[in-house]
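Novice: Sharing a structure below in structure tokens format, with a few things to ask.
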Amino acid sequence: MDMIVRRADDLMGGGDWDSAERVFLAALRDAETAGDTRMALSLCSELMGFYRQRGKAEKFYTVFDRCGELLGIVRPGALARGTILINAATALCAFGEAARALPIFREAEELYAAALDAEHPRLAALWNNMAAALDALGRPDEAEKLMRRALAQQIKRPGDLDAAVTYVNLAQHYAAQNAHDGRIAGCLDAAMERMDSPDAVWAYYYAHTARKIAPALEALGRAAAAQDL
């Protein structure tokens with residue numbers, strides 16, 4: 001599985017998304033043919049995230065349905081199940097189904113809380129994603145509380161690029177309520193400080209993070225920073 005993901009990551013890092021999709025789908029066909037349900041479940045989880053990034057809702061729902069079937073067959077451990085649920089809920093939220101996503105996030109949070117240390121980075125990432133669902137559901141106070149909770153952990157880890165994502169999410173959160181909120185500029189400055197940190201590792205995840213936050217920076221008036229990323 002690691003080899004498949006690395007190969008797809010290399011292709012995505014080079015902008016060849018179609019080839020990356022073919023890698024995932026070929027591996028999924030092989031797993032299904034061989035009756036390897038555990039591998040098929042892992043690949044479906046990866047594909048849910050892939051189709052979310054590509055904005056391909058129809059393909060996502062096909063994989064989402066199969067993933068649900070496989071979860072009933074494979075019954076993975078708490079950590080693996082939580083990760084799969086987060087991939088599903090994040091995509092549902094991206095495709096406008098925040099109400100459907102939130103209880104899935106809640107289940108994943110329970111699983112993660114049981115399986116991980118309270119300071120684990122995956123928990124902070126989960127809270128960030130849950131916050132997006134809460135914002136979409138018109139519950140901004142709850143959303144901000146979760147983002148602040150995530151950020152409090154992330155800033156303790158030098159070079160943690162997810163802190164930049166959280167700062168940008170907070171900026172968008174404030175802008176949605178008041179485009180002139182003075183906190184927006186501070187959040188964007190902090191995000192770029194984290195991206196420019198000497199502790200940041202220049203690898204695929206840096207490119208992934210840059211690609212993720214650049215459109216928001218541009219939309220919030222930081223076109224030069226977006227272009228740099």
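The values are calculated or read from the model by the stated rules, or taken from the named source; none is laboratory data. As the structure is a computational prediction, the values presented were derived from the model and not from experiment. Because the Cβ atoms are built from the backbone with ideal geometry, glycine has one as well, and the counts that use them run over all protein chains shown. The area values use the complete protein model at the heavy-atom level, side chains included, leaving out ligands, DNA and RNA. Shrake-Rupley method; radii C 1.70, N 1.55, O 1.52, S 1.80 Å.
Novice: Search the range 1-50 for residues being open to solvent by 20 Å² or more (accessible area, probe 1.4 Å) and among the small types (G, A, S), and hand back the single one that is farthest from T90 (Cα to Cα).
Specialist: Going through the qualifying residues, I end up with A34.
Novice: Just to be sure, is L85 open to solvent by less than 30 Å² (accessible area, probe 1.4 Å) and either more than 17 Å from the chain's Cα centre (by Cα) or basic (K, R) (or both)? Reasoning before the result, please.
Specialist: Working: open to solvent by less than 30 Å² (accessible area, probe 1.4 Å): yes; either more than 17 Å from the chain's Cα centre (by Cα) or basic (K, R) (or both): no.
It is false that L85 is open to solvent by less than 30 Å² (accessible area, probe 1.4 Å) and either more than 17 Å from the chain's Cα centre (by Cα) or basic (K, R) (or both).
Novice: Among all residue pairs at least 6 apart or on different chains, which show Cβ distances below 8 Å where the first residue, located in the range 138-165, is closer than 16 Å to L123 by Cα and the second is modelled with pLDDT of 95 or more and of a type in the set (F, W, Y)?
Specialist: L146/W127; M147/W127; R149/W127; A150/W127; L151/Y167
Novice: Let me ask something additional. R54 passes all but one of (1) at pLDDT below 95; (2) farther than 23 Å from A20 by Cα; which number fails?
Specialist: (2)
Okay, residues lined up against (1) on the phi > 0 side of the Ramachandran plot; (2) open to solvent by 10 Å² or more (accessible area, probe 1.4 Å); (3) of a type in the set (S, T, N, Q); (4) at pLDDT below 95:
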site	(1), (2), (3), (4)
V168	no, no, no, no
I184	no, yes, no, no
L188	no, no, no, no
A191	no, no, no, no
Y206	no, yes, no, yes
K212	no, yes, no, yes
A219	no, yes, no, no
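Novice: Follow-up. Of all residues being under 21 Å from the mean Cα position of the chain (by Cα) and open to solvent by 70 Å² or more (accessible area, probe 1.4 Å) in the range 170-182, which is nearest to L229 (Cα to Cα)? Just the residue, please.
Specialist: This residue is Q172.
Novice: Turning to a different aspect of this structure: Please count how many residues of the range 20-62 are in a helix (DSSP H, G or I) and farther than 19 Å from R6 by Cα.
Specialist: Step one: of the range 20-62, the residues in a helix (DSSP H, G or I) are 20-34, 37-54, 57-62.
Retained after the next criterion (residues that are farther than 19 Å from R6 by Cα): 32-34, 37, 57-62.
Here the count works out to 10.
Novice: So for the range 123-145 (the condition being part of a loop (DSSP other than H, G, I, E, B) and closer than 20 Å to L28 by Cβ), does at least one residue qualify? Before you say what the answer is, go through the steps one by one.
Specialist: First, the residues of the range 123-145 that are part of a loop (DSSP other than H, G, I, E, B): 137-139.
Remaining after also requiring closer than 20 Å to L28 by Cβ: none.
No, that holds for no residue.
Novice: Any idea how many residues of the range 88-98 are open to solvent by 20 Å² or more (accessible area, probe 1.4 Å) and not hydroxyl-bearing (S, T, Y)? Give the steps one after another, and end with the answer.
Specialist: Just the residues of the range 88-98 that are open to solvent by 20 Å² or more (accessible area, probe 1.4 Å), to begin with: 90, 93-97.
Those left that are additionally not hydroxyl-bearing (S, T, Y): 93-97.
Matching residues across the range 88-98 total 5.
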